[in-house]
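J.: Structure below; questions to follow.
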Amino acid sequence: MASRYGGWARGLRRTAVALAAPPLAAALAFAVARESAYGSLGDWGFFLGGLLLPLVLLGVHAALAARRGASLVALSALPAGLGAVLALASVGHGVLEDRGVEISCLVLKVTEHTETESSMDAQGHWTSTTRTSYDHRLGCPAGGPEHLDASWRLAKEGESLAVVHDPQGKVSPRAAGDVHGRGLRTAAEVAVGAAVLLGLAGAIREAYGQRRRGPRGPAGR
């Protein structure tokens, strides 16, 4: 009887962790990002507490689940991590929506940067990923940004570009049409919701599998 109750308690605890881990990771990332944008938290605190810590905690959660064979619970860390990153990014966009100032700048120069990263998979095959970014040097009114980085060319040299920037300088500027605070928050909620459902399905399957196996009796009985 004690073994049965212990199994139920362990199952409930694991289910609670599977359900709580995704929203807690996203909430941590969101809270740290807001403290960085509206408070006094510096860049290192933003990186360590808002990005690295949630992903590390989710990685530990996934590793523990995989170790005991709960593959769905482990897999739920992927959409949970995506939700945390989206929640983090949504804060910067939200700040620009809240207190951002839109100005018109002249594009002085556009510099293209290309980076190629190579990686090897478990079978020994190499794959290369090429990333292209564009550094736009701007001529803006006083207080405006001098540079704007983007993954695509926002405007040609000599053209005007509408830019939204943070007067406090805590959030990177963005093109006026590239501010999506509400959309990113919605995407984060969808990703976290998917992670919770996946974790719940994994916890139920894990509990059902343990129930079918049943408690192991003493040797020789």
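J.: In nm, to one decimal, how far is the modelled label at residue 142 from the one at residue 48, with both set 7 Å along Cα→Cβ?
T.: 3.9
J.: Which length gain, in nm to one decimal place, applies between residue 127 and residue 20 when the Cα-Cα distance is subtracted from 0.36 nm times their residue separation?
T.: On the way: separation 107, 0.36 × 107 = 38.52 nm, distance 3.57 nm.
Extending this stretch completely gives an extra 35.0 nm.
J.: Go ahead and estimate [θ] at 222 nm for the chain from helices alone: -39,500 (n - 2.57) per DSSP H run with n ≥ 4, summed, over the residue count, rounded to 500.
T.: Values: 5 runs with 113 residues, N = 221.
Result for the chain: -18000 deg cm²/dmol, rounded to the nearest 500.
J.: If r is the Cβ-Cβ distance from residue 134 to residue 102 and R0 is 25 Å, what FRET efficiency results, to the nearest 0.05?
T.: Working: r = 20 Å, r/R0 = 0.81.
Efficiency for this residue pair is about 0.75.
J.: Let me know the charge dipole size of the chain about its Cα centre in debye, to the nearest 20, where only the beta-carbon of Lys, Arg (+1) and Asp, Glu (-1) is charged. Numbers along the way, then the final one.
T.: Details: 23 positive and 18 negative charges, 434 e Å.
Computed about the Cα centre, the dipole is about 2080 debye.
J.: What distance in nm lies between label points placed 7 Å from Cα along the C-beta direction at residue 115 and residue 63?
T.: My value for the distance between the label points is 2.5 nm.
J.: Using Cα pairs closer than 8 Å and at least 6 residues apart in sequence, work out the relative contact order for the chain, in percent.
T.: Working: 360 pairs, mean separation 58.8, N = 221.
Contact order relative to length: 27 percent.
J.: Which of the peptides 29-35, 150-156 is most tightly packed, and how do the rest follow, judged by the mean count of other Cβ atoms within 10 Å per residue?
T.: Numbers: 29-35: 21.1, 150-156: 13.9.
The most tightly packed comes first, giving 29-35, 150-156.
J.: May I ask for the angle, rounded to the nearest 10°, between helix 53-67 and the longest principal axis of the chain, with both axes built from Cα atoms and the value confined to 0 to 90°?
T.: On a 0 to 90 degree scale, this one is about 30.
J.: Show me the ranking of peptides 160-169, 107-116 by mean Cβ neighbours inside 10 Å, starting with the highest. Working shown, then result.
T.: Details: 160-169: 16.0, 107-116: 11.9.
Ranked from most to least packed, the peptides come out as 160-169, 107-116.
J.: For the chain, what value does the Rg/Rh ratio take when both radii are computed over Cα atoms and Rh is the Kirkwood radius, given to two decimals? Don't skip to the answer; put the middle values down first.
T.: Details: Rg = 23.4 Å, Rh = 20.5 Å.
That ratio equals 1.14.
J.: Taking Cα atoms, how many degrees apart are the long axis of helix 2-38 and the longest axis of the chain, rounded to 10 and kept between 0 and 90?
T.: For 2-38 against the chain, the angle is about 10 degrees.
FYI, it's all coordinate maths here, none of it is from the lab. Owing to the predicted nature of the structure, the values given are computational and were not obtained by experimental measurement. So basically every Cβ, Gly included, is an ideal-geometry build from the backbone, and we count neighbours across all protein chains shown.
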